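K.L.:
Sending over a structure as structure tokens; questions will come in a sec.
The values are calculated or read from the model by the stated rules, or taken from the named source; none is laboratory data. Every value quoted in this text rests on a predicted model; they were computed, and no experiment measured them. So basically every Cβ, Gly included, is an ideal-geometry build from the backbone, and we count neighbours across all protein chains shown. Areas reflect the complete protein model, heavy atoms only, side chains present, ligands, DNA and RNA absent. Shrake-Rupley method; radii C 1.70, N 1.55, O 1.52, S 1.80 Å.
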Amino acid sequence: MSSPQIWLITGTSSGLGAAFVKAVIARGGKVIATARNVDSILHLKALGAETLQLDVSSSQEELNKKAQEAISIHGKIDVLVNNAGYVQFGTVEETTIEEWNQQYQTNVFGTLNTTRAFLPHLRHNKSGTIIFNGSMAAWDGVPTAGAYCSSKAALHYAVESLSREVARFGIKTLLIEPGTFRTNFLSAQSQKRAVPKYNDYEEINVAISGEYDKLAGNQTGDPQKAAELVVDVVKGENGAGGRKWPSSLLLGSDAVDLIRKRCQETLRELDEWEVLSRSTDV
Ligand SMILES: NC(=O)c1ccc[n+]([C@@H]2O[C@H](COP(=O)([O-])OP(=O)(O)OC[C@H]3O[C@@H](n4cnc5c(N)ncnc54)[C@H](OP(=O)(O)O)[C@@H]3O)[C@@H](O)[C@H]2O)c1
């Protein structure tokens, strides 16, 4: 019998992170569940998970120490799940550079720093899978969500480059791009909202925040089903077996619909402007 896979998951205090912990353990894997506040995940020990404090926005030096601590628990890590993230709302003009920095510090730089902390170990082992929790938002600049959408778009292309860099070491990356999932993501304690500054934006701020308030608790996606599918993909089992590894795994019918529409619009626009686009060649 092969030895159980060792998974390290960030942001497991709720939502998709907590769902990953349950799905991996149910399929015989071992989990190191991490959170900013380790007290918030002590209950996961009862499921068989180890727990570790880890804030992805910490310094590289601190994250390197956390990686060493995590690796020493079972002697290795096979799968790193970069799940932690949050949404900063606010129009581009009304959000501050500090709010953008914080958004990127968690969703982009924190995710990449955590990855950097584990890469020497994975390169040494010549194996491993790194999962990145992106978003369908990477494909669609939603008004009042520019900080979030752009952070997930940055992650999309950073992961694409990384994937082509580390495949030679036997390391796989899996970018998941969920639609809307029923988690704490849109709750008052998880999301951040910029202070509105200008009446000119009131209409759009009210309209979009109203849409998200209505969406909270009514999202189409089931986090547990998403986590189970991702475990299937990593293990190549059930419906995920025998398929070509995806460059981006969309989760949820809303993500599929949005991205299909976006691709069709992109092709239409490319066709409409093609003659002029080509006319600038030397
Ligand atoms: N739900 C959706 O509709 C949806 C759609 C697309 C993508 N996603 C992505 O899915 C991921 C998980 O979100 P979720 O939906 O499960 O929302 P959630 O229930 O709010 O969970 C977010 C998790 O991230 C953690 N976190 C935030 N900042 C952190 C940091 N600096 N270091 C470590 N952990 C941190 C939170 O921990 P604390 O308890 O410490 O705050 C929490 O455990 C995010 O990356 C999100 O962008 C979600």
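K.L.:
Considering only segment 26-42, state which residues are assigned to a strand (DSSP E or B) and either more than 19 Å from the chain's Cα centre (by Cα) or exposed (fewer than 14 other Cβ atoms within 10 Å of the Cβ) (or both).
P.N.:
Narrowing segment 26-42 to residues assigned to a strand (DSSP E or B): 30-35.
Scanning segment 26-42 gives a single hit, K30.
K.L.:
When you look at T12, is it assigned to a loop (DSSP other than H, G, I, E, B), among the β-branched types (V, I, T) and within 9 Å of the ligand (Cβ to nearest atom), yes or no? It would help to see each step written out before you state the result.
P.N.:
Working: assigned to a loop (DSSP other than H, G, I, E, B): yes; among the β-branched types (V, I, T): yes; within 9 Å of the ligand (Cβ to nearest atom): yes.
For T12, the condition - assigned to a loop (DSSP other than H, G, I, E, B), among the β-branched types (V, I, T) and within 9 Å of the ligand (Cβ to nearest atom) - is met.
K.L.:
A follow-up question, please. Report yes if some residue within segment 178-191 is open to solvent by 30 Å² or more (accessible area, probe 1.4 Å), more than 9 Å from the ligand (Cβ to nearest atom) and of a type outside the set (V, I, T); otherwise report no.
P.N.:
Yes, some residue in segment 178-191 is open to solvent by 30 Å² or more (accessible area, probe 1.4 Å), more than 9 Å from the ligand (Cβ to nearest atom) and of a type outside the set (V, I, T).
K.L.:
Being open to solvent by 50 Å² or more (accessible area, probe 1.4 Å), away from the ligand (no atom under 11 Å from the Cβ) and either in contact (Cβ under 8 Å) with a residue 12 or more places away in the chain or at positive phi (or both) is the filter here; which residues of segment 43-58 pass it?
P.N.:
Pass one, segment 43-58, residues open to solvent by 50 Å² or more (accessible area, probe 1.4 Å): 43, 45-48, 50, 53.
Now drop any that are not away from the ligand (no atom under 11 Å from the Cβ), which leaves 43, 45-48, 50.
L47, G48, E50 - these are the residues of segment 43-58 that are open to solvent by 50 Å² or more (accessible area, probe 1.4 Å), away from the ligand (no atom under 11 Å from the Cβ) and either in contact (Cβ under 8 Å) with a residue 12 or more places away in the chain or at positive phi (or both).
K.L.:
Please work out which one of (1) assigned to a helix (DSSP H, G or I); (2) more than 16 Å from the ligand (Cβ to nearest atom) is the condition I77 fails and give its number.
P.N.:
That leaves (1) as the condition not met.
K.L.:
Answer yes if at least one residue in segment 126-140 is surrounded by fewer than 21 Cβ atoms within 10 Å (Cβ to Cβ) and within 16 Å of the ligand (Cβ to nearest atom), and no otherwise.
P.N.:
The answer is yes; a qualifying residue exists.
K.L.:
While we're looking at this one, here's another question. In segment 97-140, which residue that is among the charged types (D, E, K, R) and in a helix (DSSP H, G or I) is farthest from A226 (Cα to Cα)? It would help to see each step written out before you state the result.
P.N.:
Taking segment 97-140 first, the residues among the charged types (D, E, K, R) are 98-99, 116, 123, 126, 140.
Subsequent filtering for residues that are in a helix (DSSP H, G or I) retains 98-99, 116, 123.
Numbers: E98: 32, E99: 29, R116: 26, R123: 28 Å.
Per the stated criteria, the residue is E98.
K.L.:
Here's something else I'd like to know. What about S40, is it within 10 Å of the ligand (Cβ to nearest atom) and hydroxyl-bearing (S, T, Y)?
P.N.:
On the way: within 10 Å of the ligand (Cβ to nearest atom): yes; hydroxyl-bearing (S, T, Y): yes.
So S40 passes the test.
K.L.:
If you don't mind, another one. For the subset of segment 146-173 comprising residues that are crowded, with 21+ Cβ neighbours inside 10 Å and within 15 Å of the ligand (Cβ to nearest atom), which member is farthest from the chain's Cα centre (by Cα)? Break it down stepwise before answering.
P.N.:
We begin by selecting, within segment 146-173, every residue crowded, with 21+ Cβ neighbours inside 10 Å; these are 147-148, 151-152, 155, 159, 171, 173.
If we keep only those that are within 15 Å of the ligand (Cβ to nearest atom) as well, we get 147-148, 151-152, 155, 159.
Details: A147: 15, Y148: 11, S151: 10, K152: 8, L155: 8, V159: 11 Å.
Out of the qualifying residues, it is A147.
K.L.:
Counting only residues that are open to solvent by 40 Å² or more (accessible area, probe 1.4 Å) and touching a residue at least 12 places away in the same chain (Cβ under 8 Å), which one in segment 2-25 is farthest from N238 (Cα to Cα)? Working first, answer last.
P.N.:
Taking segment 2-25 first, the residues open to solvent by 40 Å² or more (accessible area, probe 1.4 Å) are 2-5, 13, 22, 25.
Adding the requirement that they be touching a residue at least 12 places away in the same chain (Cβ under 8 Å) leaves 4-5, 13, 22, 25.
On the way: P4: 18, Q5: 17, S13: 28, K22: 18, I25: 17 Å.
So the residue we want is S13.
K.L.:
Here's a follow-up. Looking at segment 250-278, which of the residues that are farther than 16 Å from V142 by Cα and within 16 Å of the ligand (Cβ to nearest atom) is most open to solvent (accessible area, probe 1.4 Å)?
P.N.:
That would be S253.
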